[in-house]
Each structure stands twice: as structure tokens, then as C-alpha cells.
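Q: I'd like to ask you about the structure that follows.
FYI, it's all coordinate maths here, none of it is from the lab. Note that the structure is a prediction, hence the values are computed from the model and not measured. Positions of Cβ are generated from backbone atoms using ideal geometry, with glycine treated the same way; all protein chains shown enter the neighbour counts.
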Amino acid sequence: MKKNLNNIAAVFDALSNETRLQIFRILVEHSQDGITPTEISALMNDLPRNTLSFHLSLMANVGLCVFEKKGKQIFYKPQCCLIKKITKFLLTDWCEGECNC
């Protein structure tokens with residue numbers, strides 16, 4: 001259980017940054033085919049590549065996204081299933097029965 005809570009906390013920590021929230025939204029909007037860092041940068045008013053790389057790396061490390069290399073390009077996709085699992089965990093394991101909202 002402690003490890004699970006650490007993983008969930010890491011995901012929330014990653015999403016607690018406005019830039020990473022924007023990146024995750026872009027990933028979700030392009031989840032069908034994936035999206036390259038160049039395209040993400042352009043959608044974020046030319047966010048510097050090193051800054052974007054830092055954020056994408058952190059997000060990948062906690063499981064919020066995955067990447068696939070196709071030729072010379074890297075395509076990122078969100079891991080929405082992780083968000084669904086965390087939401088289900090919080091609502092079912094913590095809020096079910098105790099919460100009166």
C-alpha cells in the first residue's frame with residue numbers, strides 16, 4: 001500500500017505543475033497518433049526544447065506518458081489508463097462509504 005501511495009503522490013506531483021498539465025492535455029488531444037516534441041513546443045508558444053524535454057522525461061518516469069521512436073522522430077502518447085486507475089482507487093478505496101458528498 002505504501003508503494004502504491006508513493007506512486008500516486010508522484011503522479012499528482014508531476015501534474016501539480018501548470019506546464020505539465022498543459023502538456024498532458026496536448027498529449028490527450030493527440031492520443032490517437034501521438035505527437036512529437038516539436039509539435040508540442042509549437043502548441044505551447046515555442047516552449048524551449050530543453051524545458052519540454054525535462055517535463056516529458058519527468059512525466060514518462062511517473063508513467064503519465066510513453067514514447068515511441070519512428071525513424072528519426074519520437075512520438076509521445078498519454079497513459080490515460082493510469083489516471084483512470086488512480087481516480088478509481090481514490091473514489092472506490094477512499095471515498096466509498098465514508099464520504100457524504
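Q: So how many Lys-Lys pairs in the chain land under 23 Å Cα to Cα, not counting same-chain pairs under 8 apart?
A: Close lysine pairs under the 23 Å cut-off: 9.
Q: If you take the charge dipole of the stretch 51-101 about its Cα centre, with +1 on Lys and Arg Cβ and -1 on Asp and Glu Cβ, which of Ala60, Cys95, Gly71 is farthest toward its positive end?
A: Farthest towards the positive end: Gly71.
Q: As I understand it, the dipole of the stretch 1-88 uses +1 on the Cβ of Lys and Arg and -1 on the Cβ of Asp and Glu, about the Cα centre. Which of Val28, Thr51, Ala10 lies farthest toward its positive end?
A: Of Val28, Thr51, Ala10, it is Ala10.
Q: So how far apart, in nm, are the two label points at Asp13 and Cys95 if each is 7 Å from Cα heading toward Cβ?
A: Calculated label separation equals 2.4 nm.
Q: With 19 Å as the cut-off, how large is the P(r) tail for the stretch 11-101, expressed as percent of Cα-Cα pairs?
A: Counting every Cα pair in the stretch 11-101, those more than 19 Å apart make up 43 percent.
Q: Separate question: In debye to the nearest 20, how big a dipole does the chain give about its Cα centre with +1 on each Lys and Arg Cβ and -1 on each Asp and Glu Cβ?
A: Roughly 380 debye for the chain.
Q: Between Arg49 and Lys85, what FRET efficiency comes out of the Förster formula 1/(1 + (r/R0)^6) with R0 = 25 Å and r the beta carbon distance, rounded to 0.05?
A: With R0 = 25 Å, the Cβ-Cβ based efficiency is 0.20.
Q: The stretch 36-88: which trypsin sites (Lys or Arg not before Pro) are DSSP loop and have at most 12 other beta-carbon atoms within 10 angstrom?
A: Lys72
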